[in-house]
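The values are calculated or read from the model by the stated rules, or taken from the named source; none is laboratory data. These numbers were taken from a predicted model, which means no experiment stands behind them. No Cβ is skipped: glycine too gets one built from the backbone with ideal geometry, and neighbour counts run over all protein chains shown. Keep in mind that these areas ignore ligands, DNA and RNA; they rest on the heavy atoms of the full protein, side chains included. Shrake-Rupley method; radii C 1.70, N 1.55, O 1.52, S 1.80 Å.
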Amino acid sequence: MTRQSPQSFDAFAETYDRLATLSAGSIRAQLQSLLPDQGGRAVDLGCGTGHHAAILATRFEDVLGVDISPPMLELARERRAGPNITYELRDLRDVTPEKDGHFDLVFSAFTLHHVPDLGQALHRIRQLLNPGGRVVLLDNVAAQPAVPRWWFRKEALRHCAGDLFRRRRPLREAVEMFQLLNHPSWLDHVTTDRFLSPGQFRHRYGEVFPGGQFTDLYRCCLLAWQDAGRDPAELPGA
């Protein structure tokens, strides 16, 4: 049996889901502030265990969530199902206007640093939009492309101390969060990730989505952009 790649989420889907549950508050509030009160179709590219797809489903009539990890999607279907959510085992690059039509919102969180050709992925995302549609893209960033294991351990300890000193979490939850952030599979994964710097994120994403609104968050950057209303067939590379 071959050893599973540390880049795969399959081996630690439960760990990821619990981490996402415990750390969802600030991202949830940020996302909700960027969504319309109601909309038609939305897609979550790299939906994981469905945390963000479930938020989208409160504002949109129809939500498609795609991911390449069967265990992650299994948890999404078990824990965050909804009558207006469809979860599919697919690569985000397989979502196209020809197969899936266009969307009023294209969302992706903590996923695009995994794609081999970011520029191509961003252009494809733009082509998925309905005229006047919105893009919300969130991803991890770092000062250096590779972040060492010791740094993640240090940050886990710092956050645990802050949670306890400032009483941001109950003791049991703060300890659980610390343990999850030090889970060997999680550390194997994040230390093999390669990140853009904040400046590179703004440059690369801004090339495809000029005039977008950028927000710096903890260890990540967020882009929010609204299409001016052009027909997707008229976009460059279409």
### Task
Residue by residue through the range 154-192, note down the ones that are open to solvent by 70 Å² or more (accessible area, probe 1.4 Å) and either assigned to a loop (DSSP other than H, G, I, E, B) or over 18 Å from Phe9 (Cα atoms) (or both).
Lys154, Leu157, Arg158, Leu164, Phe165, Arg166, Arg167, Arg168, Pro170, Leu171, Arg172
### Message
Among the residues of the range 44-83, what is the count of those that are touching a residue at least 60 places away in the same chain (Cβ under 8 Å) and of a type outside the set (Gly, Ala, Ser)?
### Response
8
### Query
When only residues in the range 60-107 that are among the small types (Gly, Ala, Ser) and surrounded by fewer than 22 Cβ atoms within 10 Å (Cβ to Cβ) count, which is nearest to Phe195 (Cα to Cα)?
Ser69
### Task
Looking only at the range 133-144, count how many residues are touching a helix residue (DSSP H, G or I) at 6+ places or on another chain (Cβ under 9 Å), farther than 14 Å from Asp216 by Cβ and open to solvent by 10 Å² or more (accessible area, probe 1.4 Å).
1
### Task
Name the residue, out of Arg167, Arg230, that is under 25 Å from Thr96 (Cβ atoms) and modelled with pLDDT under 95.
Arg230
### Task
Mind telling me which of the residues Arg168, Arg158, Arg172, Arg219 ends up being free of Cβ contacts under 8 Å to residues at least 12 places away in the same chain and closer than 19 Å to Arg28 by Cβ?
Arg168
